[in-house]
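Q: First the structure, which I've put down as structure tokens, then a few questions once you've had a look.
The values are calculated or read from the model by the stated rules, or taken from the named source; none is laboratory data. These figures come from a predicted structure and were not determined experimentally. Note that each Cβ is placed from the backbone with ideal geometry, even for glycine, and that neighbours are counted across all protein chains shown.
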Amino acid sequence: MVGSRDTGRTSELSRLPSTVVDEPIAGAHLPPAANYRSLACNFLLRLCVAVTLGLVFIVAVEMFSYRRGIENQNTVGPEVEAAIVEGTAEEREYWKEQQPSQKVQYEPYVLWRRALFNGSAISINADGIRRTLHTHCDASTFTIWMFGDSVMWGWGSPDSETIPSLVAEDYQRAGRQVCIVNYGEKGWANTQELFELIQELKHADRRPDVVLFYDGGTEAFTAYENKKVDVHSNYLDFKNYLEGWITEKKSGFSYLSRSNTYRLLENIAARVSPKEAGNNSVSESDAQTWSYAIMQNYQENMDIIELLAKQYSFRPIFIWYPNMAVGNKHLTPEEAELSRRLKKRFPSMDLVYRAAYKKCREVSRPDLYYLGDLLDDATTQLYRGIAHLNAAGNQIAADRLFQILENPPNQALAKKTALVSTARSAHPSGSQNQTEP
């Protein structure tokens, strides 16, 4: 009887719905409860590792980019390497100090001036003026102010071998005391020199007897660099930076463009991307057009400076210095290699130099001296750059400046020039451009 009851109960259970039959018994066969706290900790740990590795990678790339940038800045040409090895102790000291002394500071109206630097071969005072040797300045000494770009400043030369120091030494040999102030600055164009002259005339305790301008290269190069005349060096960089100033102040990621990594990527992109045909080329017509405008602007600056000369009683002298792209100097193998590298880096730049210097040579004014051919008879190596000279070259230039300073201008030519200046000022500045090629 018992067995029959069990059998009946089993058959009844078999007739129940499957959902009832299959329902698990409470507490039996449940999966372990999810440990959300442990999962969160593991996720945060992996996130921290990933962020740390990412930061390490970014810092490593940034440091690599920084090192590459430093290496590119410190790269010097073989002519500089030779100067370091073969130069005097003072010249070798110059190359040690050359890079640290490159720091500039903002200066009103002229934009930049060298910062204070006290070295044994390069010494710059708080006003950005480089030291000139063999000079004595007081209230009664014959005073010469010299303006120019890095050629006048003395790139590649210690204080004792700059053109101002060598001119002062010529005066010393002649038994005369002189006060020479070197207002030269790298990259300065003549218009910047004019502004600096105005500032110095307003504030100087001792006004000059002579003001000498040593120009030519920067006038041509800035036109080549910016495709525009009467602008300063790096004009487009200044322009783009100032015009983007407001954008820089707004929230965003523009600061990334100042990182070393961004600059490295830009350099890589510039190397691998195809260059547009004619992007850097300069035609003969461009060179001729710019050369006329360069000389027109330069003479207008001369006219202004001569008015200042009458008011402040000094003699103005304007000189266009020697340049490897002009003249007929026999280039040594080292100079020829330097010329080849410059042409590769700045294609067609020599066209602008030659056209501008040709226009300068055609101008006849008693206070303007063309020295583009000064080194034509030299056979030894003199150039360290397109216009920068070694000690021997600076000495040749200084001796010629000494002769110019000691000889009075041609008075007959001065009267003729006054008539030309008056005629030029009577016409609008743009009217003559229309008739010039």
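Q: What are the residues in the range 36-52 that are surrounded by 10 or more Cβ atoms within 10 Å (Cβ to Cβ) and either outside any helix (DSSP H, G or I) or of a type outside the set (S, T, N, Q) (or both), if any?
A: Result: Leu39, Ala40, Cys41, Phe43, Leu44, Leu45, Arg46, Leu47, Cys48, Val49, Ala50, Val51.
Q: Residues being of a type in the set (Ser, Thr, Tyr), assigned to a helix (DSSP H, G or I) and modelled with pLDDT of 95 or more: count how many of those fall in the range 304-352. Steps first, please.
A: Residues of the range 304-352 of a type in the set (Ser, Thr, Tyr): 312-313, 321, 332, 339, 348.
Narrowing further to those that are assigned to a helix (DSSP H, G or I): 312, 339.
Subset that is modelled with pLDDT of 95 or more: 312.
Counting residues in the range 304-352 that are of a type in the set (Ser, Thr, Tyr), assigned to a helix (DSSP H, G or I) and modelled with pLDDT of 95 or more gives 1.
Q: Here's a follow-up. Would you pick out the residues in the range 149-179 that are in contact with a Lys or Arg (Cβ under 6 Å, 6 or more places away or on another chain) and either modelled with pLDDT under 95 or part of a loop (DSSP other than H, G, I, E, B) (or both)?
A: The answer is Gly156, and nothing else.
Q: Could you figure out which of (1) of a type in the set (A, V, I, L, M, F, W, C); (2) in a loop (DSSP other than H, G, I, E, B); (3) out of contact with any helix residue (DSSP H, G or I) (no Cβ under 6 Å at 6 or more places or on another chain) isn't true of Ala121?
A: Only one criterion is unmet by Ala121, namely (3).
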